[in-house]
1. Modelling each spin label as a point 7 Å along the Cα-to-Cβ direction, I'd like the Y40/A129 distance in nm, to one decimal.
2. Could you compute how much accessible surface S150 exposes when probed at 1.4 Å, giving the result in Å² to the nearest 10?
3. Taking a probe of 1.4 Å, how large is the accessible area per residue of region 144-210, in Å²?
4. How big is the equivalent ellipsoid of region 133-233 along its three axes, where each semi-axis is √(5λ) from the Cα gyration tensor, reported in whole Å from largest to smallest?
5. From the backbone phi of region 214-226, what are the Karplus-calculated ³J(HN,Hα) couplings (6.51 cos²θ - 1.76 cosθ + 1.60, θ = phi - 60°) in whole Hz, Gly and Pro given as x?
6. May I have the extent of the alpha carbons of region 132-177 along their three principal axes, as whole Å values ordered from largest to smallest?
Amino acid sequence: MANSTLTKQRAEARRSTVALKSAMAVTGLILVLFLIAHMYGNLNVFAGQEAFDDYSHHLRELGEPMLPHGGFLWIMRIVLLASVLIHIGSAVALTRRAGKARPVRYRTRKPVQQTYASRTMRWGGVIIALYVVFHILHLTTNTIAPGGASDSPYERLVRGFQPENFWVTAIYILAVLLVGLHLRHGIWSAAATLGLNREGRRRAINTVAIIVAAVITVGFLLPPFSVLFGLVG
């Protein structure tokens, strides 16, 4: 009877672990799609102030008249916030579960799993979350205004990344690089959760993870560097 109960508990724990990993994979995919869309929006800065400001304005009109002005953005914000909370909550739960299952650390390390990205996933995620708050206060709500406040999204971006505000650019670069590391490891982990990284597919999945992370990282870094070096302004 005791063995049957123990087997049942282990099976429930495995199912719960799979559910948590699946939640991380799904919410991670939502966040990746948002990053791609956001990157596209940022790259509109190269089309000039009118195009960039029009893009920002049209986002607030999406869904009208079925949705109120700005309604689409609020729906997107709620979905993103829920995704972030579920993603973080699942990660914390899995970390605690792993700690209870293996209270004594192994003396040997697995170099394939112990990559720099995997070791920095936890604190990197915290830094990214803090930066998101700063990013919203800077470029969305206009609360923090290095270089001067403006009603124009284009001007807020350009003023914020001027050479005299290099600290803003430095913080942005750090956050984007951490996002890239997070993406590279997260895509690999999601593939493992979904059972895709089987023998023979691992190299291809690793390549895809690196390419996606690299494209998003470079895409986000192009606008601030272009402003910093006077290519946009």
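The values are calculated or read from the model by the stated rules, or taken from the named source; none is laboratory data. Just so we're clear, the structure is a prediction, and the values are computed from it rather than from any experiment. Methodologically, a virtual Cβ is constructed for each residue, glycine included, from the backbone with ideal geometry; neighbour enumeration extends over all protein chains shown. These accessible areas exclude ligands, DNA and RNA; they are computed on the full protein's heavy atoms, side chains included. Shrake-Rupley method; radii C 1.70, N 1.55, O 1.52, S 1.80 Å.
1. 2.9 nm
2. 10 Å²
3. Per residue, region 144-210 has an accessible area of 52 Å².
4. 35, 14, 10
5. After applying 6.51 cos²θ - 1.76 cosθ + 1.60, I find 5, 4, 5, 4, 5, x, 6, 7, 4, x, x, 5, 5 Hz.
6. Largest first, region 132-177 extends 28, 22, 14 Å along its Cα principal axes.
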